[in-house]
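Inspection log for the structure reproduced underneath, given as structure tokens.
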Amino acid sequence: MYDFREYEIDFINKARVMRFASITKDNYPHVVPLCHVYYNGCIYAVTDYGTKKLENIKYNNRVAVIIDEYGEPWGKNKGIMIQGRAEILESGEEFRRVAELLTEKFPYYKREPYGPIVEGDAPIIKIIPERAVSWGLKQKPRR
């Protein structure tokens, strides 16, 4: 498992959305935005049953994530790209803790139509990072 640096964790935690990439059965990339949380070295996001991303994970659990910020001036761009394997959580202690964290970060998960996040109703995707590359996150020393 990839060992995130503290400044990478801070960036992941502050971000509100990531781009999640999975692979279809036809070997095409499938990329969607997801709200996420960081917990115990992994990235988590809730989804719905019947989604293409869940189908893809069952076929091939290799995934990638991009969390980034772009704007002006162009040189201030920053982000992190994470590659790893995905698991689907449907119940249990880890599921319940992550559901709490998602609800704390994104209060709209407390009510319909987005929540509440409950076992058996909305699976959680767990991304176990194997490697990552970040850019623009660490302040460069002044000369």
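The values are calculated or read from the model by the stated rules, or taken from the named source; none is laboratory data. No experiment lies behind these values; they were computed from the predicted model shown. Cβ placement follows ideal geometry from the backbone for every residue including glycine, while neighbour counts extend to all protein chains displayed.
Miscellaneous remarks
- Sole exception among (1) surrounded by 15 or more Cβ atoms within 10 Å (Cβ to Cβ); (2) under 15 Å from residue 44 (Cα atoms); (3) at pLDDT 95 or above for residue 92, by number: (1)
- Filter result (within 16 Å of residue 35 (Cα to Cα) and without any contact (Cβ under 8 Å) to a residue 12 or more places away in the chain) within the stretch 84-100: 100
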